[in-house]
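Right, one structure below, let's go through it.
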Amino acid sequence: MRQHRLALCKPHFLDWMAAQTAETIEKFRMFRPGERVLVAVSGGKDSLSLWDVLYRLGYTADGLYIHLGIQTDFDYSGASEQAAVDFAAARGLNLKIVNLRQTYGEDIAGLSARQHRAEIKPCSVCGLVKRRVMNQAAVEGGYAALATGHNLDDEAAVLLANTMEWKSELLRRQYPVLEAADGFARKVKPFCRFYERDTAAYALLAGIAYVEEECPFSERSKQLEWKSILNRWEDEHPGRKFQFYINFLHARKAGLFAPPPAVNQENRQRCPKCGQPTASQGLCAFCRLLVEDR
């Protein structure tokens, strides 16, 4: 790990990952021992490694897999679900599965088709759907926090994109913890300080079988472009990606960005169909998506 000027053997690396995760959880006060955590798992290396680390640390962590129905020439969603199922079964962990087609009558391709514009990739719809389903599962399940496997590469790429366009509202909100609000679960990212390479190494050394293929819809995404830029920077200057993100957190704490404005709970609307909080009048974005004509 050039960014840390550190080289570890297998047992010490696994211990290091667990210790660093515990430190991040404590540093940002994500959740406490004894509290129930819901881990959003995709079947990939990051989320399954996170679930494994929390399991090793003794946290009460359940998993949530959302079957999106993504299938081209490869049954991506089916393989991802099986990886999550096998992982949970091997460790005796609880896994909740939400199948979009079975629950809402449509998969991601069908929901995307409702947008009336063929050039729109399913990614934006997928993000909307996953945020809605994850939040609902965490709130209704009474979990102290919803944990996602976002790693340093993910966070740095988002930070670079938002900085290049000076999206101040998004910059104010970017943080390892997004506090709970009425109707919204507390969201945490315990892996935010790990490189993607670290989580891949952990999965390999811990013997975690995960889906290696990327989502078929992620090809040519802007997120991958930002990651490529950062990777070239990292190759020339090891540790710069880490410093870029960590220094942002320090600057944010020092007051570079004003905190996000507090939500006025009295003015918050509730979707008349699903009861979820919404900033708009009438149906929330998710329910509007379900009722739109093709």
task: With springs connecting C-alpha atoms under 10 Å apart, model the chain as a Gaussian network and identify which of ARG32, ARG193, ARG91 has the largest mean-square fluctuation.
output: ARG91
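Per residue, how much accessible area does the chain have with a 1.4 Å probe, in Å²?
On the way: 15480 Å² over 294 residues.
It amounts to 53 Å² per residue over the chain.
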task: Can you send over the carbon and sulfur percentage of the accessible area for the chain, probe radius 1.4 Å, protein chains only?
output: 51 percent
query: Peptides 160-166, 184-190: what's the order by average Cβ count within 10 Å, highest mean first?
result: 184-190, 160-166
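To one decimal place, what orientation-averaged projected area in nm² is obtained for the convex hull of the Cα set of the chain?
Its average projected convex-hull area is 16.2 nm².
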FRET efficiency for THR72 and ARG173, using Cβ-Cβ distance with R0 set to 41 Å, rounded to 0.05: 0.80
Extension reserve of the ALA285-ALA254 stretch, reckoned as 0.36 nm per residue once the Cα distance is removed: 7.7 nm
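For region 117-247, what number results from the quotient of the Cα radius of gyration and 2.2 N^0.38 Å?
On the way: Rg = 16.1 Å, N = 131, 2.2 N^0.38 = 14.0 Å.
For region 117-247, the normalised Cα radius of gyration comes out at 1.15.
Per the helix-only calculation at 222 nm, which mean residue ellipticity applies to the chain, given -39500 (n - 2.57) for every DSSP H run of n ≥ 4 and division by its residues, nearest 500 deg cm²/dmol?
Numbers: 12 runs with 140 residues, N = 294.
Calculated at 222 nm, the ellipticity per residue is -14500 deg cm²/dmol.
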message: Multiplying the sequence separation of ASN99 and ARG36 by 0.36 nm and subtracting their Cα-Cα distance, what value in nm do you get?
response: 20.4 nm
field: Segments 3-12, 231-240, 64-73, 101-110 sorted - mean Cβ within 10 Å per residue, highest first
entry: 64-73, 101-110, 231-240, 3-12
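Starting from the Cα gyration tensor of region 157-219, take the square roots of the eigenvalues, sort them a ≥ b ≥ c, and report rounded, prolate or oblate (rounded when a/c is under 1.5, otherwise prolate if a/b is larger than b/c, else oblate).
Values: a/c = 2.08, a/b = 1.53, b/c = 1.37.
Prolate shape, in that a/c is at least 1.5 and a/b is the bigger ratio.
The values are calculated or read from the model by the stated rules, or taken from the named source; none is laboratory data. Computed from a predicted structure; not experimentally measured. Methodologically, a virtual Cβ is constructed for each residue, glycine included, from the backbone with ideal geometry; neighbour enumeration extends over all protein chains shown. Keep in mind that these areas ignore ligands, DNA and RNA; they rest on the heavy atoms of the full protein, side chains included. Shrake-Rupley method; radii C 1.70, N 1.55, O 1.52, S 1.80 Å.
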